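Trainee: This is the structure I want to talk about, given as structure tokens.
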Amino acid sequence: MVADRRYTSRMIVRARTVVTMDGAPIENGAVGVSQNRIADVGKFDEIKRRNAGEIIDLGEQALLPGLINAHCHLDYTCLRRKIRPQKSFADWIRAINAEKANLSAKEYLASINEGFAEAKGFGTTTIANLTAFPELISRITPPIRTWWFAELIDVRVPDRANETVDRAVESLKSAPNWGLAPHTLFTASKNLYRRCEEIALREDILLTTHLAESLEELEMFRDASGPLYEFLKDIGRSMDDCGNGTPLERFLTIRDSSASLRSARNDNNWLLAHLNEVTDSDFDLLENSERRFHVVHSPRSHDYFKHSRFPFEKLRTLGFNICLGTDSLASNEDLSLFPEMRAFQNESPDVPPQEILQMVTVNPARALRQQNALGRIRRGCRADLISIPCDGTGDVFEEIIAFEKPVDWMLLDGKEKRNTPHAAKLWK
Ligand SMILES: [Zn+2]
């Protein structure tokens, strides 16, 4: 970098440690911000020399990229602590369906807005949010960057797959960032998945789905039996696709049948939520395939359901991009990614804390195709920053993961936000 080069920052943010996620943390570091972009990053002395602008000294804090929640359903923020863990996954679906039947559009709107405020209060600046009500999107102004995914289900109307998808797309188009989420292999038909693939090709968008989440889903597809199989058979789902292999095999078969639709460009456009129940034969299949999907793991929701151990090491060895998400409050306590990182650390204590922080910064940024804009502090990236207390006595990444409160300072798209009343409320 040229020593006398000057940037046009309007703000310089200084902190004890700047955790860029783009190289080693910078002690006594600073970030120059111009409009909504990061203009410069380095040692405070250099940044001061190279940049003009107001200096905000955060003091004994770690400054890091805003966090990215890669899988969430804000629709169900109002269901916090409403559903106890059930004996079976099928029973949980029955329980959430019963709760949903009592909710009005107005209540869903309030639930989504409350969820946004909570996520933001905990330092999340970008969220991948699935909604079952895309028609509500135009009535919501998200306070953080949002990828809206329409959650699509046609289990009761499988002959209307295209119509279900196309109607959602009309609503989604009012959002700057959107994608499609065929809900699961057991609630969305093959034709619905195919239609989503077609739209993804046409519109160059992302896709997400819940896959291989529970043992009951595995039993249903592989063995044509179990509580989920019986539940879906009872509601009239055609079970012709059961008894022929694992959920992952089924998903890859549907993908392959749409292969002629794919271009090299969107081959990597799937974010797969869960992948808890992946068999040895699935891993053989993945090893022999060039597919490398993005995977979202939700450790606390995983614990709530007591699923099989998430096969982190195997998926990582295969080169999958692994991200964390909170999932919904129908199976989680809050929308903070900090306890999510701790829950992951509990199940995988050998994974370095820096790598865990990547799972809520650089990895989801890559999954959202924002690797040059989000998830790291680098010149040219969006100015989404958060700060948390850091006394410099231990490993900064451990300190970040151990953080237990709402975040009281953030820069969101270059705009400074301090200890909002909502954050103060969460604090108590
Ligand atoms: Zn989910």
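Trainee: So which residues in region 306-332 are within 13 Å of the ligand (Cβ to nearest atom) and either touching a Gly at 6+ places or on another chain (Cβ under 6 Å) or among the polar types (S, T, N, Q) (or both), if there are any at all?
Mentor: THR326, SER328, SER331, ASN332
Trainee: Moving to a separate point now. Need pairs with beta-carbon distance below 7 Å; first residue under 21 Å from GLU340 (Cα atoms) and within region 402-428, second at pLDDT 55 or above and among the basic types (Lys, Arg); sequence gap 6+ or separate chains.
Mentor: So the pair list comes out as ASP408/ARG418; TRP409/ARG418; MET410/LYS417; TRP427/LYS405.
Trainee: Would you mind stating whether VAL396 is surrounded by 15 or more Cβ atoms within 10 Å (Cβ to Cβ), in contact with a strand residue (DSSP E or B) (Cβ under 9 Å, 6 or more places away or on another chain), within 30 Å of ILE96 (Cβ to Cβ) and modelled with pLDDT of 95 or more?
Mentor: Here the answer is no, as VAL396 does not meet what is asked.
Trainee: For region 165-174, does any single residue satisfy the condition of being closer than 30 Å to ARG418 by Cα and either within 24 Å of the chain's Cα centre (by Cα) or in a strand (DSSP E or B) (or both)? Even if it seems obvious, please write down each step before you answer.
Mentor: First pass over region 165-174, keeping only residues closer than 30 Å to ARG418 by Cα: 174.
Next, only the ones that are either within 24 Å of the chain's Cα centre (by Cα) or in a strand (DSSP E or B) (or both) stay: 174.
Yes; the residues of region 165-174 include at least one that is closer than 30 Å to ARG418 by Cα and either within 24 Å of the chain's Cα centre (by Cα) or in a strand (DSSP E or B) (or both).
Trainee: Related question: Restricting to region 356-383, give me the number of residues that are surrounded by fewer than 20 Cβ atoms within 10 Å (Cβ to Cβ) and at positive phi.
Mentor: Summing the residues that are surrounded by fewer than 20 Cβ atoms within 10 Å (Cβ to Cβ) and at positive phi in region 356-383 gives 2.
Trainee: Looking at (1) surrounded by fewer than 20 Cβ atoms within 10 Å (Cβ to Cβ); (2) over 18 Å from PHE320 (Cα atoms); (3) not acidic (Asp, Glu), which is the one condition that is false for ILE386?
Mentor: Unmet condition: (1).
Trainee: Go through the residues of region 288-306 one by one and say whether even a single one is touching a Leu at 6+ places or on another chain (Cβ under 9 Å) and part of a helix (DSSP H, G or I).
Mentor: Applying the first criterion (touching a Leu at 6+ places or on another chain (Cβ under 9 Å)) to region 288-306 yields 289, 291-299.
Those left that are additionally part of a helix (DSSP H, G or I): 299.
Scanning region 288-306 turns up at least one residue that is touching a Leu at 6+ places or on another chain (Cβ under 9 Å) and part of a helix (DSSP H, G or I).
Each row is one residue, and each column tells you yes or no for (1) surrounded by fewer than 24 Cβ atoms within 10 Å (Cβ to Cβ); (2) small (Gly, Ala, Ser); (3) more than 14 Å from LEU211 (Cβ to Cβ).
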| site | (1), (2), (3) |
| --- | --- |
| GLU290 | yes, no, yes |
| SER301 | no, yes, yes |
| PHE310 | yes, no, no |
| LEU315 | yes, no, no |
| GLU347 | yes, no, yes |
| GLN354 | yes, no, yes |
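Trainee: Got a sec? Which strands (runs of 3 or more DSSP E) wholly within region 1-92 have at least 2 residues that are touching a residue at least 12 places away in the same chain (Cβ under 8 Å) and within 16 Å of the ligand (Cβ to nearest atom)?
Mentor: Once the strands (runs of 3 or more DSSP E) in region 1-92 are filtered for at least 2 residues that are touching a residue at least 12 places away in the same chain (Cβ under 8 Å) and within 16 Å of the ligand (Cβ to nearest atom), what remains is 67-72.
Trainee: Continuing with the same structure: Take the conditions buried (at least 19 other Cβ atoms within 10 Å of the Cβ) and in a loop (DSSP other than H, G, I, E, B) and apply them to ASN332. Does it pass?
Mentor: Numbers: buried (at least 19 other Cβ atoms within 10 Å of the Cβ): yes; in a loop (DSSP other than H, G, I, E, B): yes.
Taking the combined requirement at face value, the residue satisfies it.
Trainee: Let me ask something else about it. Name the residue, out of SER238, SER281, SER258, that is out of contact with any His (no Cβ under 9 Å at 6 or more places or on another chain), among the polar types (S, T, N, Q) and within 25 Å of ALA128 (Cα to Cα).
Mentor: Details: SER238 fails: within 25 Å of ALA128 (Cα to Cα); SER281 fails: within 25 Å of ALA128 (Cα to Cα).
When all the criteria are applied, what remains is SER258.
Trainee: With SER258, SER225, SER238 as the choices, which residue is more than 21 Å from the chain's Cα centre (by Cα) and without any contact (Cβ under 8 Å) to a residue 12 or more places away in the chain?
Mentor: SER225
The values are calculated or read from the model by the stated rules, or taken from the named source; none is laboratory data. Only a predicted model underlies this, so the values are computations on that prediction, with no experimental measurement involved. No Cβ is skipped: glycine too gets one built from the backbone with ideal geometry, and neighbour counts run over all protein chains shown.
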